[in-house]
Amino acid sequence: TGVQTCALPIYAGFGMMANAAASVAKPQVTIPRAIYLATGTVALLYVGLAIIVLRSISPAELVKYADTAVATAAGPLLGRAGFVAVSVAALLATTSAINATLFSTIKISLAMGDSGQLPRLFVRPIWRSATQGVVLSVGIMLLLINVFGLNAIANIASAMFLFTYLAVHVAHWRVSHLTGGSKAVIGIGFLLMAAVLIVFLWTVSRTQPWSLAIVVMVIVASAMASTLIIRSE
């Protein structure tokens, strides 16, 4: 389950590149190239990594050390130094992901604050691009991290990613006449994303039912908060 819950945000993170469109030169060319190149490269690396891990450790060990499977697999090949190196690389990758997420959060929250979809505190600056709303959001995240376990946090993040991208598919379908997007491609993407979400929720319900309850509560609370914000504007 550790592999499943951690893998979803990693793959879903590619969508964050689109949020940088306003900050790069020639976004109509740069962003598509970046997405295709990044997706292809990472998919190739993941397949190769999966083959190496499965050849280095047994399925039983993979289940037992799910959260540190890659570092565990590096042990027989590179010894203790390999385990430490992979662990350090994982921390650096996590730091990079957090940085990308904060960049994306600042860009999106500013736009939503300007349009009235988030409270005005999300457009009140504190330092450079950071706003009061972003600082408050980070504080809530730190609170959740200290209250819930790592698996619960990963499940919440994975579920929110999937629900968000389902909403993106619906939104793109509705404005496809403006963007020129193919409704067939959008529809297929929506169905595939919905299938992944259903399988994910079913897996969580079988392995960590308490975590599923937390996921549902967070989603319901987010929907209620969004409704209150929109009605208050």
Residue among G149, G116 that is in contact with an Asp or Glu (Cβ under 8 Å, 6 or more places away or on another chain) and at pLDDT below 80:
G116
On the basis of being surrounded by 11 or more Cβ atoms within 10 Å (Cβ to Cβ), of a type in the set (V, I, T), under 29 Å from F122 (Cβ atoms) and without any contact (Cβ under 8 Å) to a residue 12 or more places away in the chain, does V168 make the cut?
no
Residue that is nearest to P209 (Cα to Cα), among those in segment 142-160 that are open to solvent by 50 Å² or more (accessible area, probe 1.4 Å) and outside any loop (DSSP other than H, G, I, E, B):
L150
Working carefully through the options G139, G181, G133, G187, find the one that is part of a loop (DSSP other than H, G, I, E, B) and on the phi < 0 side of the Ramachandran plot.
G181
Please name all residue pairs, on different chains or six or more residues apart, with Cβ atoms under 8 Å, provided the first residue is in segment 195-209 and is in contact (Cβ under 8 Å) with a residue 24 or more places away in the chain and open to solvent by less than 50 Å² (accessible area, probe 1.4 Å) and the second residue is part of a helix (DSSP H, G or I) and aromatic (F, W, Y).
L197/F163
Name the residue that is nearest to the chain's Cα centre (by Cα), counting only residues in segment 119-128 that are surrounded by 13 or more Cβ atoms within 10 Å (Cβ to Cβ) and either hydroxyl-bearing (S, T, Y) or closer than 15 Å to F103 by Cα (or both).
F122
Failed criterion for A225 (all others in (1) without any contact (Cβ under 8 Å) to a residue 24 or more places away in the chain; (2) open to solvent by 50 Å² or more (accessible area, probe 1.4 Å); (3) within 25 Å of F103 (Cβ to Cβ) hold):
(2)
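The values are calculated or read from the model by the stated rules, or taken from the named source; none is laboratory data. From a predicted model like this one, the values you see are computed outputs, not experimental measurements. No Cβ is skipped: glycine too gets one built from the backbone with ideal geometry, and neighbour counts run over all protein chains shown. Ligands, DNA and RNA are excluded from the accessible area calculation, which covers all protein heavy atoms including side chains. Shrake-Rupley method; radii C 1.70, N 1.55, O 1.52, S 1.80 Å.
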